[in-house]
């Protein structure tokens with residue numbers, strides 16, 4: 001299976017694990033005079049199998065994605081940088097704070113700088129993502 005399909009499968013297995021865990025937590029304890037409609041023991045077996053499948057798949061994904069690891073890490077840092085940039089206050093000029101007093105603000109990085117840097121980082125993210133998408137669709141995973 002391709003890396004792209006393996007990543008989708010990984011997400012489906014993780015969702016299945018989450019659902020099984022919720023069912024086990026919800027159904028484990030029941031009133032003694034109310035027979036269970038769900039076999040909690042079977043759910044636990046299914047959960048362990050799904051976890052084992054997920055581990056095997058994650059190992060396959062990890063090994064197959066090794067050549068792109070640097071790009072994957074770089075993209076993560078670029079995304080974090082975009083979040084950081086968007087959180088920088090660019091307030092400048094005279095502002096009335098809470099309707100009481102006027103306060104003068106200055107900013108080292110103005111809105112244009114933040115916009116330009118954010119767009120530059122997002123372009124780099126898109127470029128890396130395109131490269132990853134191509135890699136993921138042509139790389140096979142042993143899982």
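Bear in mind that the values in this text are calculations on the coordinates, not laboratory data. Remember, predicted model here, so these are calculated numbers, not experimental data. With ideal geometry, Cβ positions are generated from the backbone for all residues, glycine too; neighbour counts draw on all protein chains shown.
What's the angle, to the nearest 10 degrees (0 to 90), between helix 3-27's Cα axis and the longest principal axis of the chain?
Helix 3-27 sits at roughly 70 degrees to that axis.
Stretched out fully, how many nm does the piece from residue 33 to residue 123 gain, at 0.36 nm a residue minus the Cα gap?
26.2 nm
Tell me, 16, 8 in order of fewest to most beta-carbon neighbours within 10 Å? It would help to have the intermediate numbers written out before the result.
Numbers: 16 17, 8 13.
Neighbour counts put them in this order, fewest first: 8, 16.
Once P(r) over Cα pairs in 10 Å bins from 0, in percent is worked out from the coordinates, which option in [x] 10, 24, 20, 15, 9, 7, 7, 5, 2, 0; [y] 10, 22, 19, 17, 15, 13, 4, 0; [z] 11, 38, 34, 14, 3 does it equal?
Here the calculated entry is [y].
Please determine, in degrees from 0 to 90 and to the nearest 10, the orientation of helix 40-64 with respect to the longest principal axis defined by the Cα atoms of the chain, where the helix direction is its Cα long axis.
Once rounded, one gets 50 degrees.
Using helices alone, what [θ] at 222 nm do you get for the chain, with -39,500 (n - 2.57) per DSSP H run of 4 or more residues, divided over all residues and rounded to the nearest 500? Walk me through the numbers on the way to the answer.
Details: 4 runs with 96 residues, N = 143.
Using -39500 (n - 2.57) per qualifying helix, the result is -23500 deg cm²/dmol.
Please work out the Cα convex hull volume for the range 67-143 and give it in Å³ per residue. Intermediate values should be presented prior to the final figure.
On the way: hull volume 8.4 nm³, N = 77.
For the range 67-143, the hull spanned by Cα atoms encloses 110 Å³ per residue.
Within 10 Å of each residue's Cβ, count the other Cβ atoms and sort 55, 88 from fewest upward.
Working: 55 11, 88 14.
Ascending Cβ contact count within 10 Å gives the list 55, 88.
With an 8 Å cut-off on Cα pairs and a minimum separation of 6 or more residues, tell me the relative contact order of the chain in percent.
Working: 114 pairs, mean separation 53.7, N = 143.
Value for the chain: 38 percent.
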